[in-house]
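What follows is a set of notes on a single structure, which appears directly below.
The values are calculated or read from the model by the stated rules, or taken from the named source; none is laboratory data. Quantities reported herein were computed from a predicted structural model and do not represent experimental measurements. Here the Cβ is made from the backbone with ideal geometry for all residues, glycine too, and neighbour counts use every protein chain on show.
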Amino acid sequence: MSPSIPMCEFQRGSPFYSLITNYTVLLLGFKEFTAAGIALFVQGLPEKERSQVLDDARSRGNYELVQRLANANPAELHPPLELVSELENQRIRIDAPATMLELMRNTGHLLPSLKRTAAGSLLIHAFEQTQPFHDRGHLWEFLRHCRNAAAHGGRFNLRHGEPLRPAVWGRFSVTASLQGTWLIATEEAAGLLAPGDPLRLLWDLEQANPKLVGGTSST
């Protein structure tokens, strides 16, 4: 298999397909909105300060990227988002440019949480939506412990004699020594998996369980 796994290789009839799509769109959207925030910030600077930013970018070797952002107009592509609220039959308005600037200013604070919650949500839903197919094999057990970690604040929760059965995926295995450690590694702290690993884990589960596609359980 290629080291790069395209999203389209997950079959549409698989319970993982929509989950994987949502996960990748969320991460791409965070990256895009952060870049758009940089664009809005640079464009809002006085001319002298903008020239200084471009000169600094030139010295760092990323002049072309910053210049493209300075000439972009992300606000035109992203009108405000209005979400229906049933509580009082109102709409909640989310301003896209304001969100872009918020992400740009707080990327370091928000990114670790995004990685953990996005990957954790993916693994929780993947586990719950495939329960009829679960057996006590190594891969499903590995997913179970990942799901439990995600549901316990992102840290492994290995009590009551867990792991009860072997939970192995490639070079990774769940052991009692992981108790309390992070599931997903971020810039702030080490973890068992990187943000790309949930994609590969679900890919391996889909390949090992052909009956997932089409929803035919063996039970």
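So, in the stretch 91-112, of the ones that are among the small types (Gly, Ala, Ser) and within 21 Å of the chain's Cα centre (by Cα), which residue ends up surrounded by the fewest Cβ atoms within 10 Å (Cβ to Cβ)? Quick ask: steps written out before the conclusion?
Keep residues of the stretch 91-112 that are among the small types (Gly, Ala, Ser), which gives 96, 98, 108.
With within 21 Å of the chain's Cα centre (by Cα) added as a condition, the list becomes 96, 108.
Details: 96: 16, 108: 9.
By that ranking, first place goes to 108.
Can you tell me which condition residue 187 does not meet? The list is (1) modelled with pLDDT under 95; (2) under 30 Å from residue 39 (Cβ atoms); (3) not in a loop (DSSP other than H, G, I, E, B); (4) not hydrophobic (A, V, I, L, M, F, W, C), and all the others hold.
Against the list (1) modelled with pLDDT under 95; (2) under 30 Å from residue 39 (Cβ atoms); (3) not in a loop (DSSP other than H, G, I, E, B); (4) not hydrophobic (A, V, I, L, M, F, W, C), residue 187 comes up short only on (3).
Can you tell me which residue is modelled with the highest pLDDT among those in the stretch 41-60 that are among the small types (Gly, Ala, Ser) and closer than 22 Å to residue 106 by Cα?
Just the residues of the stretch 41-60 that are among the small types (Gly, Ala, Ser), to begin with: 44, 51, 57, 59.
Next cut, closer than 22 Å to residue 106 by Cα only: 44, 57.
Values: 44: 85, 57: 81.
My answer is 44.
What are the pairs, 6+ residues apart or on separate chains, where a residue within the stretch 90-114 that is more than 15 Å from residue 79 (Cα to Cα) and touching a residue at least 60 places away in the same chain (Cβ under 8 Å) has its Cβ under 7 Å from a residue that is assigned to a helix (DSSP H, G or I) and polar (S, T, N, Q)?
Sorted first by the residue in the stretch 90-114, then by its partner, the pairs are 103/34; 104/34; 107/34.
Per-residue answers, yes or no, for (1) at pLDDT below 95; (2) of a type in the set (Phe, Trp, Tyr); (3) surrounded by 19 or more Cβ atoms within 10 Å (Cβ to Cβ); (4) over 19 Å from the mean Cα position of the chain (by Cα):
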| position | (1), (2), (3), (4) |
| --- | --- |
| 141 | no, no, yes, yes |
| 146 | no, no, yes, no |
| 169 | no, yes, yes, yes |
| 178 | no, no, yes, yes |
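Would you list the helices (runs of 4 or more DSSP H) that sit entirely within the stretch 53-167 and hold 1 or more residues that are farther than 22 Å from residue 29 by Cα?
63-71, 107-129, 138-151
Taking the conditions exactly as written (of a type in the set (Ser, Thr, Tyr) and within 20 Å of the chain's Cα centre (by Cα)), does residue 121 satisfy them or not?
yes
Among (1) among the aliphatic types (A, V, I, L, M); (2) over 29 Å from residue 35 (Cβ atoms); (3) at pLDDT 90 or above, there is one condition residue 123 misses while meeting the rest; what is its number?
Of everything listed in (1) among the aliphatic types (A, V, I, L, M); (2) over 29 Å from residue 35 (Cβ atoms); (3) at pLDDT 90 or above, residue 123 misses just condition (2).
Taking into account only those residues within the stretch 61-90 that are charged (D, E, K, R) and loosely packed, with under 10 Cβ neighbours inside 10 Å, which is modelled with the lowest pLDDT?
Among them, the one singled out is 76.
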